[in-house]
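Working notes for the structure below.
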Amino acid sequence: PECACLYDRKSSDELTDAFLPQENDPTKAKALQSSLWELVVLEHHYYAPVSTLAKSIGAPEEAKAPPHDITEFSSHTYKSLFDQERK
C-alpha cells in the first residue's frame, strides 16, 4: 500500500513523464512528479524480486512477457518482508 503511488498515478496521460532532464535547477526539474528516478533506486533494492522487476521495466523482453502482478510487491509491509526473509 505504501508503494502504490509509485505505479498508480491518477493522470490522464500515463506516457508523459513530468521530469525535465535538461533543467539545471533541481527545484524546477519536477523530479517529485516523476517515477523514473525511483526505478534506478529500485534496481539496487535489497529484495531480489523488486530489483529484478525494476530492471525489467523498459527492457525489450518486457513487451513479450505477460504483465506483472504488482500487488505481489506492493501489498508487503516492512514486517511481512522481514518475516519472509527470516524463514
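Here is the figure for the range 23-47: residues that are surrounded by 14 or more Cβ atoms within 10 Å (Cβ to Cβ) and hydrophobic (A, V, I, L, M, F, W, C) total 4. When the range 29-87 is filtered for residues that are under 18 Å from Phe19 (Cα atoms) and of a type in the set (D, E, K, R), the ones remaining, listed by number, are Lys30, Glu38.
Residues of the range 42-71 that are over 21 Å from Gln84 (Cβ atoms) and of a type in the set (A, V, I, L, M): Ile57, Ala59, Ala63, Ala65.
Every number here is computed from the coordinates shown, using simple stated rules; none is lab data. Predicted, not measured: the structure shown is a model, and the values here were computed from it. Using ideal geometry, Cβ is built from the backbone for each residue, glycine included, and neighbour counts are taken over all protein chains shown.
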